[in-house]
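Here the structure comes first, spelled out in structure tokens, and everything after it is commentary.
The values are calculated or read from the model by the stated rules, or taken from the named source; none is laboratory data. Predicted model only: the values in this text are computed from it and were never measured. Backbone-built Cβ (ideal geometry, glycine too); neighbour counts: all protein chains shown. Just so you know, the surface numbers come from the protein's heavy atoms only, side chains and all, with ligands and any DNA or RNA stripped out. Shrake-Rupley method; radii C 1.70, N 1.55, O 1.52, S 1.80 Å.
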Amino acid sequence: MINILMGGNNYASKGLLVVVSSILKNVKDSVTIYFMTMDLSYINKNYIPLKKENASYIDGLLKSKSKDSSLKVIDCTSEFITIMEGKKNINGGYTPYALVRLFADLKKEIPDKVLYLDTDVIIAKDISSLYNTNIDDYIFAGCLDYYGRFWIKRNYINSGVLLLNMKKIRETNFMDKCRQYCKKTASILADQDALNNLTDLKLYLDDKYNEQARRPKEDTVIKHFSKQINYIPPYTINIKPWDVKRMHSRYKIYEYDDILNEYLKYEKRLIL
């Protein structure tokens, strides 16, 4: 069994469905996805939790691969509001849902080891080698940030793909330290900064497990469609895998069309 942790609002069901489509094609093991969500519609009308209809549909797709696979939805609204309400990063450069993974330690149903994935990734190859990496002596394992290793610090990890040792995280109160950091520190990347700055118990993985460069490579296991920078003239590009036409037009990436064609069939059933 591979345990995966994800999070977001109902709109993130698009990214969740892309990930599930890639799991159906490329992952051999049974998979449980723990999806953390919140109702923050009082902040923004679009900040609604994953709808039950979407959750049920996606759970059914996972079970079509294996009866032991499933999607488990975890509501974190009360914990988030209690701890983060009115704090510096609740309305930062990203939506509040970027912080929801920092509440995983508070949920007992999340197991001792999980693979956290952002919703803008595609699993390009089987992830068993990644999931089975020994992290007993580490808080988490991750890959260097494509830009951050040059602009922030050379050992700066991207938080879009993280193998989390939840047992050690709970023992050391690491996530609580990250939450306190985000409460006090105003930063566009507060959660990622916290993960990088508050522990040295990090295992550095090969870039193939979180390939952030615009072009995937032959050995890419997980392709992360993270924000890109155009240098001349300078501006950012942020095209996600579910925006298939724009991805084709701008990135010229066609390697995952088999997965995305299936996604486009499934996507018609989503309620957004």
Residue check, THR133 assigned to a loop (DSSP other than H, G, I, E, B) and open to solvent by 10 Å² or more (accessible area, probe 1.4 Å): yes
Return the pair list, or none, for Cβ contacts closer than 6 Å from residues in region 216-235 that are surrounded by 12 or more Cβ atoms within 10 Å (Cβ to Cβ) to residues that are basic (Lys, Arg) and modelled with pLDDT of 95 or more, at least 6 apart or on different chains. PRO216/LYS223; ASP219/LYS208; THR220/LYS208; VAL221/LYS125; VAL221/LYS208; PHE225/LYS240
Test set (1) within 17 Å of the chain's Cα centre (by Cα); (2) farther than 28 Å from ASN261 by Cβ; (3) at pLDDT 95 or above; (4) not aromatic (Phe, Trp, Tyr) - LEU115 fails condition number: (2)
Only one of these is in contact (Cβ under 8 Å) with a residue 12 or more places away in the chain, crowded, with 18+ Cβ neighbours inside 10 Å and touching a Ser or Thr at 6+ places or on another chain (Cβ under 7 Å): ILE110, ILE127, ILE123. Name it. ILE123
Pairs, please: C-beta under 9 Å, at least 6 apart or cross-chain, first residue touching a residue at least 40 places away in the same chain (Cβ under 8 Å) and open to solvent by 10 Å² or more (accessible area, probe 1.4 Å) and in region 150-175, second of a type in the set (Phe, Trp, Tyr) and not in a loop (DSSP other than H, G, I, E, B)? ASN155/TYR204; ASN165/PHE140
Sole exception among (1) modelled with pLDDT of 95 or more; (2) open to solvent by less than 30 Å² (accessible area, probe 1.4 Å); (3) under 13 Å from the mean Cα position of the chain (by Cα) for LEU99, by number: (1)
Does ASP120 meet the test of being among the charged types (D, E, K, R), under 18 Å from the mean Cα position of the chain (by Cα) and within 24 Å of SER187 (Cβ to Cβ)? yes
Looking at region 193-207 only, could you name the residues that are free of Cβ contacts under 8 Å to residues at least 40 places away in the same chain and open to solvent by less than 70 Å² (accessible area, probe 1.4 Å)? ASP193, LEU198
Within region 137-149, of all residues that are in contact with a Leu (Cβ under 6 Å, 6 or more places away or on another chain) and assigned to a strand (DSSP E or B), the one surrounded by the most Cβ atoms within 10 Å (Cβ to Cβ) is GLY142
